[in-house]
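These notes concern the structure reproduced below.
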Amino acid sequence: MRRKRDRGIQGTTERIDRMKILVTGGAGFIGSNFILYMLNKYRDYDIVNLDKLTYAGNPENLENAMNNKHYTFVKGDIADAGLVRGIMDKGIDAVVNFAAESHVDRSILEPASFIKTNILGTQVLLDIAREKHIARFVQISTDEVYGSLGSTGRFTETTPVQPNSPYSASKASADMVVLAYYRTFGMPVVITRTSNNYGPYQFPEKLLPLAITNIMEEKPVPIYGDGMYVRDWIFVTDNAEAIDMVLHSGKDGEVYNIGAGYESANLSLIKTVLRLMHKPESFITHVKDRPGHDRRYAMDPSKIMNELGWSPRTSIEHGLELTIDWYTANRKWWRRIKSGEYMTYYEKNYSVKGLRTH
Ligand code: NAD
Ligand code: TYD
């Protein structure tokens, strides 16, 4: 097995200059932010991005990385063992697995792809990472695996998993498989469980980008049920920094909760967005509730703060301002998504053939 110390893992003081990371699902929201963060921070690291380009994957998110010699894009499925083996054969030091079906509402309509990618895909990655003695496997998970809280308390890493949606059940299952590979095979795995992310490049089906872009289009903002569902919000770059710390310094077999401590009911969050965008509250429209809707998530991030020295940098007001500014400056990006044009835009404009399979 590769010695971890030589691969830049376990403690920043022993970090060496080069590392080759396989990032999966890097054309999505958090994955693309993570790749841009890492390429900027570690100028000599190599990143291979394996992404299937489902509806949620958009290579345009990584336009700024396209000409970077340290970045390679591979279109493909994490459940394709032959493809994954071919990539890992070329000397990967660490895997960061973002690839997933990620939208709760879609998991209610069509759970099969969630089971296939989130559970079986993760198992394929684990098997080949084990075969190739990869020195670090980071599984990107979610606070949703813990289920729903009442009005008090916060999730810690020892809170039992009790997922409620097909999405969170698939993520919780993957977490169990990842931990089983640590206990059974001694694989060097770590899991991050993060609260609701927001920021640039988030697909406008999730609450905040949907609300911001609808408001820009003078359309109503749909609020499920009474709008008193509480989420714990974190700016995506703060999450990228936390994942970087866990990748380098996290302890094998451990779970790290990541959250910035900004709890908000959906209704008051959207009222803040409307205030920042100088628009009236009449944009808010209550619509039918989501079935099995979790009432409240809240993370206790003490472990990563105390053990790895992470803390969030971005306040919710500042993060919302940055996000609104980004969606204002990048209308073409989200308009192409909302119109569906983004599905063919990249191939047409960058002469990349056969990028998407429809
Ligand atoms: P996203 O939906 O924006 O991106 C997912 C990416 O995975 C897309 O690029 C998609 O093309 C790719 N993908 C899907 N199936 C694939 C497959 N079989 N093989 C290869 N690539 C595939 O998701 P996101 O919001 O960026 O979330 C990334 C990860 O973080 C997910 O694992 C999610 O569960 C987790 N997470 C997200 C949040 C959040 O608030 N968005 C919070 C906590 C955890
Ligand atoms: P979402 O962004 O889908 O993230 P998650 O379900 O993973 O937390 O939803 C965030 C919250 O916003 C959740 O309580 C559901 C709610 N919501 C709405 O009220 N309206 C919407 O149109 C969407 C997409 C979500």
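The values are calculated or read from the model by the stated rules, or taken from the named source; none is laboratory data. Small disclaimer: the values here were computed from a predicted structure and weren't measured. Cβ placement follows ideal geometry from the backbone for every residue including glycine, while neighbour counts extend to all protein chains displayed. Ligands, DNA and RNA are stripped out before the accessible areas are found, and what is left, the full protein with its side chains, is counted by its heavy atoms. Shrake-Rupley method; radii C 1.70, N 1.55, O 1.52, S 1.80 Å.
Tabulated data
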read-out	value
Test: residue in the range 215-222 that is at pLDDT 95 or above, within 12 Å of ligand 2 (Cβ to nearest atom) and either polar (S, T, N, Q) or under 23 Å from the mean Cα position of the chain (by Cα) (or both)	no
Test: residue in the range 193-210 that is open to solvent by 40 Å² or more (accessible area, probe 1.4 Å) and of a type in the set (D, E, K, R)	yes
Test for Asn68: is it outside any helix (DSSP H, G or I), open to solvent by 40 Å² or more (accessible area, probe 1.4 Å) and more than 16 Å from ligand 2 (Cβ to nearest atom)	yes
Residue within the range 94-109 that is open to solvent by 40 Å² or more (accessible area, probe 1.4 Å), out of contact with any Lys or Arg (no Cβ under 6 Å at 6 or more places or on another chain) and more than 16 Å from ligand 2 (Cβ to nearest atom) present	no
Search result, residues across the range 49-65 that are surrounded by 19 or more Cβ atoms within 10 Å (Cβ to Cβ) and either among the acidic types (Asp, Glu) or more than 12 Å from ligand 1 (Cβ to nearest atom) (or both)	Asp51, Glu60, Ala65
Counted residues, the range 71-84 - those being surrounded by fewer than 18 Cβ atoms within 10 Å (Cβ to Cβ) and not small (Gly, Ala, Ser)	4
All helices (runs of 4 or more DSSP H) inside the range 307-358 with 2 or more residues being at pLDDT 95 or above	316-329, 331-339
Count of residues meeting criterion [at pLDDT below 95 and either of a type in the set (A, V, I, L, M) or open to solvent by less than 70 Å² (accessible area, probe 1.4 Å) (or both)] in the range 1-48	9
Which listed residue is in a helix (DSSP H, G or I), surrounded by fewer than 23 Cβ atoms within 10 Å (Cβ to Cβ), modelled with pLDDT of 95 or more and not hydroxyl-bearing (Ser, Thr, Tyr), from Arg290, Arg275	Arg275
Test result for Gly292, closer than 25 Å to Gly147 by Cα, over 20 Å from the mean Cα position of the chain (by Cα) and of a type outside the set (Lys, Arg)	yes
